[in-house]
Amino acid sequence: MSSPNLPFDAIAIDGPAASGKSTVARVLAERLNLVMVNSGEMYRAVTLAVVQQGVDPCDPIAVANLVKAIKLRCVVENGGSQILLDGEYPGNALRSDDVNAAVSAVAAVPEVRHLLVALQRELLQYGDLVMEGRDIGSVVFPATPYKIYIEASEEVRRQRRAAEGQMDSVGDRDRQDSARKTSPLVVPDGAEVIDSSQMVIEEVVEAVLGVLGARGWFDRESERNLP
Ligand code: DC
């Protein structure tokens, strides 16, 4: 079990920006009927509030004060989680250039991480889930055996973002995300590392399914049904 108190399990997918985590997590969620959680959207929602309210993202005290004041809620709809800021899903605004530029600084603030990790853990009450991010296997669900780390070369990841039409300095974000003091981007203990640089999505999904199978994901139902 990923949590001692709940009957559900979490698959943790971590990795740097544009490594293919979200797409792989979405396909896995569909195939295995899991709740899909994109934890990056939660950090982006806080960052959107920072940008909208004119707070300096590099002022951790101001960001910590803001995060106490905003109304953030997470709901599960149509098999996926949605982050609501003041009761509404911000949609494309989560991926604006301003948010891309500020999100790593905001995500380094301990008060922000504290709040969001609590919201992320609560989602396990809705069922088995796949959650992707930077600290899912290391901090959010360290007890899960189902940990995958997907990486790809910086050049490939930059090209993927450019093909999506986004201005996003993935290398700079990775360096900030890896260097921060609280919950940096790391390969979690016990994670299987998959390099997706030369793979199409279906190949990555197959590789992940192989890891899950080897770690007993598909044997869980029979174990749960034992008297
Ligand atoms: O997955 P993404 O690129 O949308 O994430 C945006 C930023 O959020 C990322 O640069 C770092 C932060 N993040 C984090 O610190 N921890 C997570 N679990 C997920 C994202």
Considering only the stretch 122-137, I want to know if a residue exists there that is over 25 Å from A10 (Cβ atoms), surrounded by fewer than 22 Cβ atoms within 10 Å (Cβ to Cβ), under 16 Å from the mean Cα position of the chain (by Cα) and of a type outside the set (D, E, K, R). no
Please verify whether I194 is away from the ligand (no atom under 15 Å from the Cβ), crowded, with 20+ Cβ neighbours inside 10 Å and outside any helix (DSSP H, G or I), treating the condition exactly as stated. yes
Looking at V205, is it touching a residue at least 60 places away in the same chain (Cβ under 8 Å), more than 16 Å from the ligand (Cβ to nearest atom) and among the β-branched types (V, I, T)? yes
Going by the structure shown, is S22 of a type in the set (S, T, N, Q), in a helix (DSSP H, G or I) and touching a strand residue (DSSP E or B) at 6+ places or on another chain (Cβ under 9 Å)? yes
Selection from the stretch 31-46 of residues that are in a helix (DSSP H, G or I) and within 8 Å of the ligand (Cβ to nearest atom): S39, G40, E41, M42, Y43, R44
Looking only at the stretch 121-159, filter to residues that are closer than 17 Å to N38 by Cα and in contact with a Gly (Cβ under 7 Å, 6 or more places away or on another chain); which one of those is nearest to the ligand (Cβ to nearest atom)? G133
Return yes or no: is V187 in contact with a strand residue (DSSP E or B) (Cβ under 7 Å, 6 or more places away or on another chain) and in a loop (DSSP other than H, G, I, E, B)? yes
R173 passes all but one of (1) within 17 Å of N100 (Cβ to Cβ); (2) more than 10 Å from the ligand (Cβ to nearest atom); (3) in contact with a helix residue (DSSP H, G or I) (Cβ under 7 Å, 6 or more places away or on another chain); which number fails? (2)
Being touching a residue at least 60 places away in the same chain (Cβ under 8 Å) and either surrounded by 23 or more Cβ atoms within 10 Å (Cβ to Cβ) or touching a helix residue (DSSP H, G or I) at 6+ places or on another chain (Cβ under 8 Å) (or both) is the filter here; which residues of the stretch 93-104 pass it? R95, N100, V103, S104
Does A107 fit the bill of being touching a residue at least 12 places away in the same chain (Cβ under 8 Å), of a type in the set (A, V, I, L, M, F, W, C) and closer than 28 Å to A162 by Cα? yes
Counting residues that are modelled with pLDDT of 95 or more and at negative phi, which helices (runs of 4 or more DSSP H) fully inside the stretch 66-166 reach at least 3? 97-107, 110-122
Just to be sure before I move on: is I70 under 18 Å from V117 (Cβ atoms), away from the ligand (no atom under 14 Å from the Cβ) and in contact (Cβ under 8 Å) with a residue 12 or more places away in the chain in the structure I sent? yes
Taking the stated definitions as given, is A214 within 16 Å of the ligand (Cβ to nearest atom) and exposed (fewer than 13 other Cβ atoms within 10 Å of the Cβ)? no
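The values are calculated or read from the model by the stated rules, or taken from the named source; none is laboratory data. A quick note: this is a predicted structure, and the numbers were derived from the prediction, not measured. Don't worry about glycine lacking a Cβ; one is built from the backbone with ideal geometry, like all the others, and counts go over all protein chains shown.
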